[in-house]
Amino acid sequence: MTDRGAAPTLELKDLEVVYRVRGRDRQVVRGVSFTIAAGETYGLVGESGCGKSTTALAVVGYLASNGRIRGGSICVAGRDVVGLSNRALRHLRTNDVSMVYQNPAEALNPSIRIGEQVAEVFRVRGAGREEALERTLQALAKVQIADPGSVMARYPHQLSGGMQQRVVIAMALANDPGLLILDEPTTSLDATVEAEVLDLIQHLQAEFRTSVLFITHNLGVIAKMCERVGVLYAGRLVEEGPVSEVLKGPRHPYTVGLLRCVPRGGARKDRGRLDTIPGFLPSIDEELRACVFAPRCGLAQDICRATEPPLYQITEDHSSRCYFHERAQDLPRTTPPELGQPILVDRSKAPLLAVKELTKTFEQNGRRIHALEAVSAALWPGETLGLVGESGSGKTTFARAVLGLFAPTGGTVELDAHVLPPTLSRRTQADVRELQIVFQNPDSALNRRHAVRSILRRSLKKLAGISGAPAEERLLMLAGSVRLAERYLTVRPNQLSGGLKQRVAIARAFAGEPRLVVCDEPTSALDVSVQAAILNLLVDLQVQRWVAYLFISHDLGVVRYISDRIAVLYLGRLMEMGPAEVVFDGPHHPYTEALLSAVPTIDGGGRARIKLAGEIPSAAAPPTGCVFHTRCHRRIGAICDEKEPPLVEVGPGHLMRCHIPIEELRRLQAQPQEAAQVAGTKQPAA
Amino acid sequence: MSTVATIVQPSEIRIARRETRRQLLRSKTFMAGVIIIAFWVFCAIFGYRIAPHDPLSQAFPQLQGLSRAYPFGTDQLGRDVFSRVLAGARDILIVAPLATLLGVVGGTTIGLVTGYFRGLTDDVISRIVDAVLSLPLIVIAVTVLVALGHSTLTVIVVIGLVFAPIVSRTVRAAVLAERQLDYVSASRLQGERAPYVMFVEILPNVFGPIVVEATVRLGYAIFAVAGLTFLGFGVQPPSPDWALQIADNYTLLGAGTYWWTVLFPALAIISLVVAVNLVADGLARVFGR
């Protein structure tokens with residue numbers, strides 16, 4: 001695929017980018033050099049704030065108005081693009097470089113039809129009106145949009161996220177660019193849609209022989225998509241090499257740390273804590289003369305804090321900026337792996353929470369949206385029930401109905417064997433205290449006008465009934481239990497980093513003695529090292545306080561790590577529920593099987609991809625029979641279309657809703673997957 | 001650019017706040033508005049004392065033109081227009097802000113309730129609000145004042161009541177956006193009652209739009225008070241109020257050339273309203289609306 005002989009498509013040499021903030025230049029990219037050969041896919045990975053996006057924006061000349069390239073060179077196809085005039089830059093963007101951003105909804109103009117929008121790219125390059133429309137049709141067909149003619153007549157908001165991203169990719173490839181920059185192109189998409197888009201990018205790249213700069217924080221995506229990878233830390237390229245070498249034999253402590261933070265390879269909470277990277281990314285106005293990672297590195301010696309290490313060449317194309325690159329993998333753990341005590345859930349006793357036939361129908365513009373259909377589940381003290389499924393599957397609706405944020409249409413929620421009133425306002429304060437939540441986005445979950453101290457004191461008052469002088473003591477204990485330093489208590493949430501905000505949110509949930517805490521994607525807005533620390537904290541709290549978690553996440557690695565049991569939802573129906581290992585190891589429901597196969601893993605290989613046909617159907621008009629039959633790759637016939645399968649126990653504590661007998665599923669799923677076929681080959685029309 | 005994963009130092013926040021203040025101080029139009037308002041507030045407090053003549057005295061020659069002794073001339077009852085303009089700020093600067101305050105407090109409460117509860121409460125109250133909004137202010141005000149008899153208090157209450165629905169719309173829109181945020185759910189999950197969630201959790205976060213709306217309303221309130229006074233329903237004689245001066249003297253405009261009796265009080269009203277609106281614009285820019 002890669003052609004190393006010709007001039008590289010992109011060559012960065014000692015690139016330095018600064019942002020001018022309040023009259024001072026703050027360096028964001030510090031001397032980054034790498035090259036991308038023709039037809040090569042190069043991954044750029046690192047946590048937020050490391051300078052990944054800034055590097056990409058510098059290449060296309062889209063730096064914010066206070067940003068400036070202070071040094072180094074950027075060559076696209078052998079031509080230096082630093083300091084080009086606006087006109088020349090426009091020419092460059094028209095012909096040589098395209099960029100795809102994270103959020104396709106923002107990349108498309110909401111008031112122009114798809115057809116006109118894509119055709120504009122051809123018009124700019126000199127095509128006539130008819131020709132442009134003709135070529136638009138072809139371009140949309142290239143990105144595997146099933147009915148390009150009808151899509152062209154629609155507005156962006158009428159398309160799903162995955163379809164929008166396809167359109168954006170079609171526009172990016174319309175000028176047949178030499179270099180395609182993808183900045184987190186699948187981060188806002190569901191795992192199943194992400195897998196589709198990644199497949200598409202791979203396919204197109206092979207066809208167009210485009211070079212790709214792939215920016216992502218997801219190491220699994222890097223493993224799937226890229227040939228070579230560069231690891232950025234604080235604006236410095238700290239390690240670079242072929243993907244397999246870097247991921248399997250990392251030679252920089254930061255890369256080692258990143259890889260350890262991710263729960264993978266079936267990691268589970270009862271086998272130990274996740275490792276984390278201590279400390280914080282240096283702020284952008286710090287002068288960094290020595291190794292940028294030294295303050296957070298367990299291997300750092302005096303020399304690391306005195307002078308910057310050179311780039312060590314480990315093999316021909318694998319390099320690391322670390323004096324101790326040979327010992328990088330011996331990086332000492334920063335968190336002890338052992339848990340204080342084992343988690344043993346006793347399910348012979350009565351459950352803490354029993355949800356029976358919970359149903360929720362929303363009325364929207366005269367249509368009835370069946371968000372939740374008779375979902376039953378139970379939770380015992382000290383255990384975690386993971387909820388997985390695509391967006392629109394009813395995970396959040398389920399959790400919020402349990403909490404009483406809105407009244408369910410049918411069904412009951414029982415706590416300690418007494419039925420809870422449907423809404424919060426009717427529940428007693430004692431009931432309210434038992435059920436708490438940690439939200440996905442700590443920015444919106446904490447009142448930005450209140451100081452951390454007053455947020456937590458109010459929680460102590462309401463949830464634990466403590467106020468006055470004793471509250472101050474409890475406040476410090478509470479902050480200590482979530483490892484929140486005392487100095488953060490006086491500030492407002494917007495002065496804290498994402499991880500610290502999430503600790504405040506957890507502290508609030510644990511101010512009383514909650515019995516059940518809903519965790520609604522609590523780590524998905526966080527970087528992996530912070531995610532690991534938050535997961536460790538949640539597990540520690542669970543072990544100490546015997547609290548049960550209802551854990552919602554789209555990250556199956558995280559769900560597997562923290563959950564004892566897992567429930568798989570699809571279109572508001574429970575498709576499968578069982579012990580975590582059983583659900584993950586199979587035999588699984590065909591939907592679970594497809595979900596699992598969609599996740600790109602760092603270790604690569606593993607499962608063959610099962611392509612789910614089309615998108616999740618509308619909950620306003622769910623399919624007849626088994627709701628999954630329209631997309632199921634194992635559909636056995638008319639029975640699937642006509643009759644809804646019952647939820648039956650197929651093993652100890654393992655429930656499944658499928659017409660195929662478990663033994664048959666076991667046999668089918670043991671076979672290699674190449675024959676897995678797409679059931680309905682057409683994209684749904686609307 | 002992605003966000004930097006570090007703690008912002010408290011000093012940085014202070015710098016940001018200072019930046020906001022500096023931005024306001026640098027804005028020429030905002031500062032011009034502040035200076036004009038400050039001048040009239042000064043006059044409202046000390047107007048009687050700094051006026052060259054007694055504003056209420058009728059001891060001077062009638063309908064004198066501009067001269068050194070009477071810079072703005074005298075009116076038909078022989079009162080010094082210049083002194084009356086200086087002293088005339090007092091009543092309107094008491095009545096209009098109080099009416100605005102009443103309107104903003106009432107409107108904020110209605111806005112919080114309709115935005116927070118939505119549903120039937122919102123539907124019913126919002127329809128009433130729409131009905132009130134569809135009637136011209138002066139018509140309602142005159143009707144009520146005729147029915148209840150006029151006093152300064154009634155003027156304040158009437159303008160406040162008419163403004164409340166207008167303010168409530170702005171507040172409701174801001175509350176609807178805030179209500180979606182998770183901290184509201186988190187607060188309810190602690191067992192907080194609705195008034196606490198509305199006034200302690202949500203209110204501080206919608207303060208920016210409320211301040212801007214209040215300033216805009218103040219401009220309208222000055223107009224409304226002046227209009228009612230002119231019609232005889234507002235401030236009562238013998239106050240040297242600007243609108244009263246205009247009411248007393250506007251008939252002379254037709255008769256001849258006694259323009260100064262009307263022009264100077266009119267300019268005073270205009271300058272105050274324009275100044276209030278300049279300040280409102282400046283605040284709106286800073287609060288990002």
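Read-outs: derived from the displayed coordinates by stated rules, not from any lab. These figures come from a predicted structure and were not determined experimentally. Ideal geometry is used to build each Cβ from the backbone, glycine not excepted, and the neighbour counts take in all protein chains shown.
Which of the pairs A:Lys360/A:Lys643; A:Lys142/A:Lys224; A:Lys13/A:Lys248; A:Lys269/A:Lys611; A:Lys360/A:Lys501; A:Lys349/A:Lys643 have their Cα atoms more than 25 Å apart in this structure? Intermediate values should be presented prior to the final figure.
Details: A:Lys360/A:Lys643 22 Å; A:Lys142/A:Lys224 21 Å; A:Lys13/A:Lys248 27 Å; A:Lys269/A:Lys611 31 Å; A:Lys360/A:Lys501 32 Å; A:Lys349/A:Lys643 35 Å.
Among A:Lys360/A:Lys643; A:Lys142/A:Lys224; A:Lys13/A:Lys248; A:Lys269/A:Lys611; A:Lys360/A:Lys501; A:Lys349/A:Lys643, the Cα-Cα distance tops 25 Å for A:Lys13/A:Lys248; A:Lys269/A:Lys611; A:Lys360/A:Lys501; A:Lys349/A:Lys643.
So which trypsin sites (Lys or Arg not before Pro) in the range A:4-53 end up in coil per DSSP with only 16 or fewer other C-beta atoms within 10 Å? All intermediate terms of the calculation are to be shown ahead of the outcome.
Working: sites: A:Arg4, A:Lys13, A:Arg20, A:Arg22, A:Arg24, A:Arg26, A:Arg30, A:Lys52; in loops: A:Arg4, A:Arg22.
Those that pass, being in a loop and sparsely packed, are A:Arg4, A:Arg22.
Among the aspartates and glutamates, which have Cα under 16 Å from the Cα of A:Lys52 when same-chain residues fewer than 8 positions away are ignored?
A:Glu11, A:Asp14, A:Glu16, A:Asp183, A:Glu184, A:Glu239, A:Glu240, A:Asp527
Based on Cβ point charges of +1 for Lys and Arg and -1 for Asp and Glu, what charge dipole magnitude is obtained for the range A:501-625 about its Cα centre, in debye rounded to the nearest 20? Display every interim value, and only then the final one.
Values: 11 positive and 13 negative charges, 44 e Å.
Approximately 200 debye in magnitude.
Can you compute 3J(HN,Hα) from phi for each residue in the range B:279-284, using the Karplus curve 6.51 cos²θ - 1.76 cosθ + 1.60 with θ = phi - 60°, rounded to whole Hz and x for Gly and Pro?
Calculated HN-Hα couplings, in order: 5, 4, 4, x, 5, 4 Hz.
For the protein assembly as shown, just list the percent of Cα-Cα distances falling in each 10 Å bin from zero outward, please.
2, 9, 16, 19, 19, 15, 9, 6, 4, 1, 0, 0
Placing +1 at every Lys and Arg Cβ and -1 at every Asp and Glu Cβ, with all other atoms neutral, what dipole size does the range A:291-348 have around its Cα centre, in debye to the nearest 20?
Working: 6 positive and 8 negative charges, 48 e Å.
Approximately 220 debye in magnitude.
Normalising by the residue count of chain A, find the relative contact order in percent from Cα pairs under 8 Å and 6+ residues apart. Write out the running numbers ahead of the final one.
Working: 1406 pairs, mean separation 84.2, N = 686.
Relative contact order here is 12 percent.
Under the rule of at least 5 residues apart or a separate chain, name every residue whose amide H is placed under 5 Å from the amide H of A:Glu414.
Close amide H contacts, sequence-distant or interchain: A:Ala354, A:Val355, A:Lys356, A:Leu420.
Put +1 on the Cβ of every Lys and Arg and -1 on every Asp and Glu Cβ in chain B; which of B:Val273, B:Leu133, B:Gln58 then has its Cα farthest towards the positive end of the dipole?
Value computed over the given set: B:Val273.
What whole number of Å gives the distance from the Cα centroid of the range A:32-109 to the Cα centroid of the range B:232-280?
Their Cα centres are 63 Å away from one another.
So which trypsin sites (Lys or Arg not before Pro) in the range A:254-306 end up in coil per DSSP with only 13 or fewer other C-beta atoms within 10 Å?
On the way: sites: A:Arg260, A:Arg264, A:Arg268, A:Lys269, A:Arg271, A:Arg273, A:Arg289, A:Arg296, A:Arg305; in loops: A:Arg264, A:Arg268, A:Arg273, A:Arg289.
Answer by residue number: A:Arg289.
Send over the semi-axes of the range B:141-283's equivalent ellipsoid, whole angstrom and largest first, taken as the square roots of 5 times the C-alpha gyration tensor eigenvalues. Let's see the in-between values first.
Numbers: eigenvalues 355, 63, 17 Å².
The answer is 42, 18, 9 Å, longest axis first.
Quick one: which residues, 5 or more positions from B:Val235 or on another chain, have an amide H under 5 Å from its amide H? H modelled 1.01 Å from N in the peptide plane, none for Pro or chain starts.
Placed amide hydrogens put B:Thr229 under 5 Å from B:Val235.
Exactly which chymotrypsin sites (Phe, Trp or Tyr not before Pro) in the range B:221-289 are in a DSSP loop and have at most 15 other Cβ atoms within 10 Å? Don't skip to the answer; put the middle values down first.
Numbers: sites: B:Phe223, B:Phe230, B:Phe233, B:Trp242, B:Tyr250, B:Tyr258, B:Trp259, B:Trp260, B:Phe287; in loops: B:Phe233, B:Tyr250, B:Tyr258, B:Trp259, B:Phe287.
Answer in residue order: B:Tyr250, B:Trp259, B:Phe287.
If each DSSP helix of 4+ residues adds -39,500 (n - 2.57) and the sum is divided by the residues in the protein assembly as shown, what number results at 222 nm, nearest 500 deg cm²/dmol?
Numbers: 36 runs with 420 residues, N = 975.
Computed ellipticity for the protein assembly as shown at 222 nm equals -13500 deg cm²/dmol.
Which one of A:Asn103, A:Ser444, A:Thr396 has its Cα pushed farthest toward the positive end of the charge dipole of the protein assembly as shown, where Lys and Arg give +1 and Asp and Glu give -1 at the Cβ?
About the Cα centre, the residue reaching furthest to the positive side is A:Ser444.
Please turn the phi angles of the range A:167-181 into ³J(HN,Hα) values with the Karplus equation 6.51 cos²θ - 1.76 cosθ + 1.60 (θ = phi - 60°), one per residue in order, whole Hz, x for glycine and proline.
These are the phi-based 3J(HN,Hα) values: 4, 4, 5, 4, 5, 5, 8, 4, 8, 6, x, x, 10, 10, 9 Hz.
Can you compute 3J(HN,Hα) from phi for each residue in the range A:558-570, using the Karplus curve 6.51 cos²θ - 1.76 cosθ + 1.60 with θ = phi - 60°, rounded to whole Hz and x for Gly and Pro?
My calculation for the range A:558-570 gives 5, 4, 5, 4, 9, 8, 8, 10, 10, 10, 9, 10, 9 Hz in order.
Can you work out the base-10 log of I(q)/I(0) for the range B:201-262 at q = 0.20, 0.28 1/Å, using the Debye formula on its C-alpha atoms alone?
Evaluating at q = 0.20, 0.28 Å⁻¹ gives log10 I(q)/I(0) of -0.78, -1.06.
What is the sum of charges, Lys and Arg at +1 and Asp and Glu at -1, for the other residues whose Cβ falls under 11 Å from the Cβ of A:Pro185?
Values: positive: A:Arg166; negative: A:Asp183, A:Glu184, A:Glu194.
Taking every other residue near A:Pro185 into account, the sum is -2.
Out of all Cα-Cα pairs in the range A:312-456, roughly what percent, to the nearest whole number, are more than 26 Å apart? Before the final figure, lay out each step's value.
Working: 5331 of 10440 pairs.
Of all Cα-Cα pairs in the range A:312-456, 51 percent lie more than 26 Å apart.
Please list, ordered by chain and number, the residues whose modelled amide H lies under 5 Å from the amide H of A:Leu281; skip anything fewer than 5 residues away on the same chain.
Result for A:Leu281 returns nothing.
Cα convex hull of chain B: mean projected area in nm², to one decimal?
Details: hull surface 81.6 nm².
Spelled out: convex hull of the Cα atoms, projected over all directions, averaged, 20.4 nm².
With Cβ to Cβ distances under 12 Å as the rule, what net charge do the other residues near A:Glu120 carry (K, R +1; D, E -1)? Don't skip to the answer; put the middle values down first.
Values: positive: A:Arg113, A:Arg123, A:Arg125, A:Arg129, A:Arg135; negative: A:Glu116.
Summing Lys and Arg as +1 and Asp and Glu as -1 gives +4.
For the range A:353-569, taking Cα atoms only, what is the radius of gyration to one decimal and the Dmax to the nearest whole Å?
17.2, 54
Given the options A:Val627, A:Ile660, A:Thr601, identify the residue whose Cα lies farthest towards the positive end of the charge dipole of the range A:586-670 (+1 on Cβ of Lys, Arg; -1 on Cβ of Asp, Glu).
A:Thr601
Relative to the Cα centre, what is the charge dipole magnitude of chain A, using +1 at the beta carbon of each Lys and Arg, -1 at the beta carbon of each Asp and Glu, and rounding to the nearest 20 debye? Intermediate values should be presented prior to the final figure.
Values: 81 positive and 74 negative charges, 390 e Å.
Computed charge dipole of chain A: roughly 1880 debye.
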